[in-house]
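Written below as structure tokens is the structure these notes are about.
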Amino acid sequence: MGDVGKREDQSQASFDGESAAVLTRELRESFNLGKTRSFQWRSNQLKGLLRMMEEKEADIMGALYSDLAKPQLESYLHEISMAKESVTFAMKNLKSWMKPKKVGSQAATFPSSANIVPEPFGVVLIISAWNYPFLLSIDPVIGAIAAGNAVVLKPSEIAPATSSLFARLLPEYVDDLCIKVVEGAVVETTALLEQKWDKIFYTGNGRVGRIVMAAAAKHLTPVILELGGKSPVVVDSNVDLKVATKRIAVGKWGCSSGQACIAPDYIITTKSLAPKLLDSMKITLERFYGKEPLESSDLARIVNSNHFARLSKLLDDDLVSGKIVYGGKRDEKRLRIAPTLLLDVPEDSLIMKDEIFGPLLPIITVDKIEDSIGVINSRTKPLAAYLFTKDKKLEKMFVENVSAGGMSINETVLHLANKNLPFGGVGESGIGAYHGQFSFDAFSHKKAVLSRNFYGEVSARYPPYTARKQRILRALLNFDIIGLILALVWHKS
Amino acid sequence: MGDVGKRDEVLHSENAAMVVRGLRESFNLGKTRSFQWRKNQLEGILRMIEEREGEIMEALYSDLAKPQMESFLHEISMAKGACMVALKNLKSWMKPEKVGTLLSTYPSTSSIVPEPFGVVLIISAWNYPFLLSIEPVIGAIAAGNAVVLKPSEISPATSSLLARLLPQYTDNLCVKVVEGAVTETTALLEQKWDKIFYTGNGRVGRLVMAAAAKHLTPVVLELGGKSPVVVDSNIDLKVAMKRIAVGKWGCTSGQACIAPDYIITTKSFASKVADEMIATVQKFYGKNPLESTDLARIVNSNHFARLSKLLDDDLVSGKIVYGGQRDEKRLRIAPTLMLDVPEDSLIMRDEIFGPLLPIITVDKIQDSFDFINSRTKPLAAYLFTNDKQLEKMFVENVSAGGMCVNDTVLHMANKNLPFGGVGESGTGAYHGKFSFDAFSHKKSVLSRNFGGEIGARYPPYTPRKQKIVRALLSGDIIGLIMILFFSKSS
């Protein structure tokens with residue numbers, strides 16, 4: 001198993017522009033042969049993916065543990081279970097998604113039928129991320145396959161065990177002439193991005209997102225960019241603090257130790273509620289992870305030493321040194337950082353600058369809870385925004401005035417689990433969306449088709465133009481019934 | 001009001017930044033969000049179209065010598081229609097859409113809430129200079145955005161008209177017109193927009209998307225391509241030729257993104273097609289088409305030269321079977337038909353965008369699909385046939401922005417159909433509700449209360465909790481009952 005991984009690495013070592021060009025050419029040939037178009041083919045690939053998840057669950061869990069020390073319950077809940085649901089949902093709905101959708105036609109084109117016909121874009125590139133390395137690869141792949149595309153998946157090299165696993169397993173379960181895995185880092189990704197793709201789906205950060213879009217621009221390739229941001233949690237008074245802090249904590253530390261694009265990034269609450277909130281959060285954390293959280297097996301580790309150093313720097317920032325009110329312990333050798341709370345950090349501290357993506361949770365305070373909306377809107381649009389409140393008016397104000405990819409009220413993260421909700425960002429947090437049918441739509445071109453026969457001629461539309469013809473058409477277009485009758489009477493000639 | 005729009009003034013980056021800043025302030029004040037504001041702007045635009053129809057028609061005549069019928073049918077009427085559809089449906093479009101919610105978050109509600117992107121840039125084109133400016137603006141406003149419209153400088157009369165009239169009929173703190181050419185457009189593209197909507201060609205489309213990439217700005221690119229018309233035998237050839245001709249020369253003399261670009265038919269049928277088309281063109285435009293007032297002119301001398309070059313290409317000079325007359329002074333080219341042009345001729349390379357119609361021939365009609373697919377994806381593709389199987393094959397195997405069977409161009413007029421390209425012909429779509437969607441972010445909102453706690457989801461994780469969660473997620477009813485039993489604790 002490990003040997004195959006090594007062999008893959010050696011053969012990948014020379015993956016350059018030339019190899020990437022050959023790869024896309026092959027996939028385009030397969031696509032042009034029509035292989036990926038049939039319901040049967042798509043259904044078979046999806047079944048294969050489901051079988052892979054069922055038969056190789058342990059391997060997948062093993063890889064996730066190797067990459068992130070992900071607790072088993074998280075791996076199961078967030079990656080395997082979500083991926084399984086995604087594929088079964090696609091299988092269940094595929095036939096109906098593929099069906100052309102009939103839409104209304106106008107009197108002016110009578111008789112005619114109008115349809116919206118979904119078709120695959122062609123050959124698509126999916127670049128995945130390291131924090132949910134299984135789910136964030138499989139979920140877009142499911143959408144691409146359901147929509148009838150040929151696919152190249154580039155898993156993140158920062159999660160090497162899961163990347164290897166894909167390279168090894170996917171060819172065993174799906175049609176590897178149409179679905180390929182390319183492992184690698186910057187060199188390989190750059191080579192891939194030079195090619196002409198029919199769609200690119202990227203999950204990651206804004207810096208690379210810009211590079212992806214710029215590369216796509218050269219070929220007019222449409223993109224979906226699932227990025228991130230600082231997802232705020234506004235906590236109002238008069239809420240059930242016990243439940244609130246549990247739901248915030250599980251959305252933060254229960255999601256790869258905060259290394260999740262929609263993990264709560266920071267809390268905003270009133271100066272008056274802050275101490276109570278803090279106390280409740282401390283109790284929750286101790287209940288979840290005990291007195292020695294660095295030893296808890298229910299916490300994922302930090303993915304690598306780069307990110308560990310990045311997070312350490314946030315804690316070592318002078319501006320926040322006196323603000324750590326809980327946690328702060330680190331273990332560099334084991335790449336572990338304990339759940340850490342900071343209170344009243346300055347808005348210009350490092351920790352409030354970029355997405356934290358780790359187990360540190362700052363709490364900022366405002367005078368009135370409504371002020372939190374101004375704080376959030378003064379920053380770039382986040383991928384998610386959260387509010388805990390019983391005040392329906394505040395909820396309405398929040399939903400109407402805060403722009404974010406998505407929102408949960410009195411909950412964190414879970415909007416992602418609803419297949420009926422589009423999942424994606426806005427502004428700095430991304431472009432486009434997926435999940436459920438939105439995944440199918442993300443990888444489909446919706447082709448408009450108007451179909452007529454040779455009757456229903458309206459000769460008024462043809463030159464030579466006359467004032468009379470113009471009058472007829474005006475009537476027709478204004479739904480003028482009298483005029484319409486006149487038009488029908490005239491059209492015989 | 002007119003200061004920013006004065007064509008004499010070169011708009012530098014500082015000015016562009018100032019425009020955006022002003023609009024962003026207006027937007028952040030929430031001005032464009034209310035139903036009332038949006039309704040007022042749309043009503044203003046509708047009033048503008050009704051009250052100023054004469055001036056609009058004049059501007060279109062000045063820019064393109066557009067026949068009144070075309071100006072009415074394609075620009076005024078379509079723009080009015082877009083406005084009215086938006087006004088009629090605005091309330092329902094703005095409404096959050098409730099969707100099914102999760103059992104595991106019971107009780108909860110899930111909705112999709114549309115919100116404006118913010119400050120958007122719309123760059124329009126010269127061939128339908130009124131419609132292609134107004135229709136995206138309608139979508140942007142309906143969705144609650146603040147808007148900058150940059151009309152094409154290649155249609156200067158319409159550009160001026162929009163700069164002059166829009167401020168009189170809409171809220172000019174939130175809807176602005178910036179006139180100009182490359183310098184001004186470049187200055188605008190350097191700014192950070194929340195969405196950019198561009199209509200034009202692929203070369204500039206790439207520049208627009210590259211500029212947008214710097215700010216992660218989403219784009220809609222309405223581009224073009226060579227829209228093929230496949231003509232099968234056993235059809236009503238008379239009706240077919242009329243519908244092709246009006247879609248070609250009846251649309252700004254072929255200067256339309258979805259005008260039929262070239263015909264493909266079988267070798268055996270080609271001469272019948274050519275003959276009937278010649279008869280149709282004569283019926284439409286008479287024996288001296290250069291004198292016909294029912295034909296638009298070529299927009300400017302650059303494009304006239306470009307089209308002349310296509311006709312002067314050695315590879316096609318012997319293939320002209322009708323037309324070919326030109327009048328450089330009046331920028332007019334007669335409807336011209338070419339038969340059996342070689343695939344590597346200039347005229348078969350890029351989008352023609354003019355009154356020249358080549359006919360290519362194949363052995364079997366099905367071969368035409370491979371021919372089309374060997375080229376970049378067009379904005380539109382057309383097929384004339386009575387053969388339902390051929391129609392099915394066409395729809396399933398040819399990829400294009402949109403299609404008409406047994407007609408041309410009309411799919412664009414159906415507001416229930418998304419209008420946009422694919423591949424080289426563009427990304428994104430609009431018209432009708434798709435315009436509203438094009439300028440909206442669909443925000444997911446999941447709302448719960450504090451009940452319905454499921455203790456199994458919280459650490460410390462135990463095998464028992466994992467079993468419970470597995471049961472819940474796999475919809476295991478027995479397991480679910482067990483959970484309800486167990487979930488009382490926190």
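The values are calculated or read from the model by the stated rules, or taken from the named source; none is laboratory data. Model, not experiment: these values are computed from the prediction. Positions of Cβ are generated from backbone atoms using ideal geometry, with glycine treated the same way; all protein chains shown enter the neighbour counts. When the accessible area is computed, the model is the full protein with side chains, heavy atoms only, and any ligands, DNA or RNA have been set aside. Shrake-Rupley method; radii C 1.70, N 1.55, O 1.52, S 1.80 Å.
Among the residues of region A:279-290, not a single one is open to solvent by 10 Å² or more (accessible area, probe 1.4 Å), touching a strand residue (DSSP E or B) at 6+ places or on another chain (Cβ under 8 Å) and not charged (D, E, K, R). Of the residues making up region B:64-77, those that are closer than 13 Å to B:Ser253 by Cβ and either without any contact (Cβ under 8 Å) to a residue 12 or more places away in the chain or among the charged types (D, E, K, R) (or both) are B:Lys66, B:Glu70. In this structure, does B:Thr183 turn out to be farther than 23 Å from B:Ala143 by Cβ and either polar (S, T, N, Q) or facing another protein chain (nearest Cβ under 9 Å) (or both)? Yes; evaluated as a whole, the condition is true for this residue. Entry remark, region B:168-190: residues being in contact (Cβ under 8 Å) with a residue 40 or more places away in the chain, open to solvent by 30 Å² or more (accessible area, probe 1.4 Å) and not charged (D, E, K, R) number 4 in total.
Is it the case, given these coordinates, that B:Phe384 is under 19 Å from B:Asp232 (Cβ atoms), buried (at least 24 other Cβ atoms within 10 Å of the Cβ) and within 10 Å of chain A (Cβ to nearest Cβ)? When the stated conditions are applied, B:Phe384 passes them. Hey, does region B:292-302 have a residue that's out of contact with any Phe, Trp or Tyr (no Cβ under 9 Å at 6 or more places or on another chain), at pLDDT 95 or above, more than 25 Å from A:Thr466 (Cα to Cα) and not assigned by TED's automatic domain parsing to the domain that holds B:Ala65? Yes: one or more hits.
Reported count of residues in region A:158-210, each being under 18 Å from the mean Cα position of the chain (by Cα) and farther than 18 Å from A:Asn131 by Cα, is 3.
Here the helices (runs of 4 or more DSSP H) wholly within region A:163-282 that include at least 2 residues being hydroxyl-bearing (Ser, Thr, Tyr) are A:186-194. Among the residues of region A:77-112, the ones that are in a helix (DSSP H, G or I), more than 29 Å from the chain's Cα centre (by Cα) and at the interface with another protein chain (Cβ under 9 Å from one of its Cβ atoms) come to 2 in all. Yes or no: B:Ile196 within 22 Å of B:Val20 (Cβ to Cβ), under 15 Å from the mean Cα position of the chain (by Cα), of a type outside the set (Gly, Ala, Ser) and within 13 Å of chain A (Cβ to nearest Cβ)? Spelling it out, B:Ile196 is indeed within 22 Å of B:Val20 (Cβ to Cβ), under 15 Å from the mean Cα position of the chain (by Cα), of a type outside the set (Gly, Ala, Ser) and within 13 Å of chain A (Cβ to nearest Cβ). Selection of first residues in region B:193-217 that are in a helix (DSSP H, G or I) and of second residues that are among the basic types (Lys, Arg), restricted to Cβ pairs under 8 Å at least 6 apart or on distinct chains, gives the following pairs, ordered by first then second residue: B:Arg206/A:Lys218; B:Ala210/A:Lys218; B:Ala213/A:Arg210; B:Lys214/A:Arg210; B:His215/B:Lys192.
Quick grid of which residues meet (1) basic (Lys, Arg); (2) assigned by TED's automatic domain parsing to the domain that holds A:Leu135; (3) modelled with pLDDT of 80 or more:
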| residue | (1), (2), (3) |
| --- | --- |
| A:Asp441 | no, yes, yes |
| A:Pro464 | no, no, yes |
| A:Arg474 | yes, no, yes |
| A:Phe479 | no, no, no |
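Yes or no, residue by residue, for (1) within 30 Å of A:Leu421 (Cα to Cα); (2) of a type outside the set (S, T, N, Q); (3) assigned by TED's automatic domain parsing to the domain that holds B:Ser233; (4) touching a strand residue (DSSP E or B) at 6+ places or on another chain (Cβ under 6 Å):
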site: B:Leu390; (1), (2), (3), (4): no, yes, yes, no
site: B:Gly402; (1), (2), (3), (4): yes, yes, yes, yes
site: B:Val405; (1), (2), (3), (4): no, yes, yes, yes
site: B:Arg448; (1), (2), (3), (4): yes, yes, no, yes
site: B:Gly451; (1), (2), (3), (4): yes, yes, no, no
site: B:Gly455; (1), (2), (3), (4): yes, yes, no, no
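Considering every residue within region A:154-162, establish whether at least one is part of a helix (DSSP H, G or I), touching a helix residue (DSSP H, G or I) at 6+ places or on another chain (Cβ under 8 Å) and of a type in the set (A, V, I, L, M, F, W, C). Yes: one or more hits. Here the condition is being of a type outside the set (Gly, Ala, Ser), assigned by TED's automatic domain parsing to the domain that holds A:Asp236, open to solvent by less than 30 Å² (accessible area, probe 1.4 Å) and over 30 Å from A:Tyr76 (Cα atoms); of A:Val320, A:Val325, A:Val303, it holds for A:Val320 alone. Checked against (1) over 13 Å from B:Leu356 (Cα atoms); (2) open to solvent by 10 Å² or more (accessible area, probe 1.4 Å), B:Val229 passes all but a single condition, namely (2). Filtering region A:75-132 to residues that are more than 21 Å from A:Ala442 (Cα to Cα) and surrounded by fewer than 17 Cβ atoms within 10 Å (Cβ to Cβ) leaves A:Gly104, A:Ala107, A:Phe110, A:Pro111, A:Ser113. Scanning region A:442-465 for residues that are in a loop (DSSP other than H, G, I, E, B) and either at the interface with chain B (Cβ under 7 Å from one of its Cβ atoms) or crowded, with 22+ Cβ neighbours inside 10 Å (or both) gives A:Phe443, A:Asn453, A:Phe454, A:Glu457, A:Tyr462, A:Pro463, A:Pro464, A:Tyr465. Against the numbered list (1) away from chain A (no Cβ under 14 Å); (2) open to solvent by less than 10 Å² (accessible area, probe 1.4 Å), B:Gly205 comes up short only at (1).
The residues in region A:418-441 that are within 26 Å of B:Pro378 (Cβ to Cβ) and either open to solvent by 10 Å² or more (accessible area, probe 1.4 Å) or at the interface with chain B (Cβ under 7 Å from one of its Cβ atoms) (or both) can be counted, and the count is 3. All of (1) at pLDDT 95 or above; (2) in a helix (DSSP H, G or I) hold for B:Val316 with one exception: (1).
Filtering region B:33-82 to residues that are away from chain A (no Cβ under 14 Å), acidic (Asp, Glu) and surrounded by 22 or more Cβ atoms within 10 Å (Cβ to Cβ) leaves only B:Asp63. With respect to the conditions (1) within 20 Å of the chain's Cα centre (by Cα); (2) more than 14 Å from every other protein chain (Cβ to nearest Cβ), A:Leu227 lacks only one, and its number is (2).
Taking the numbered list (1) more than 14 Å from chain A (Cβ to nearest Cβ); (2) touching a Pro at 6+ places or on another chain (Cβ under 6 Å); (3) part of a loop (DSSP other than H, G, I, E, B) in turn, B:Ser133 passes all entries but (3).
The residues on offer are B:Thr105, B:Thr109, and the sole one that is within 13 Å of chain A (Cβ to nearest Cβ), open to solvent by 40 Å² or more (accessible area, probe 1.4 Å) and among the β-branched types (Val, Ile, Thr) is B:Thr109.
Scan region A:319-333 for residues that are assigned to a loop (DSSP other than H, G, I, E, B) and within 19 Å of A:Asn306 (Cβ to Cβ) and the total you get is 2.
Counting only helices (runs of 4 or more DSSP H) that sit completely within region A:1-58, those holding 2 or more residues that are modelled with pLDDT of 95 or more correspond to A:17-32, A:39-55.
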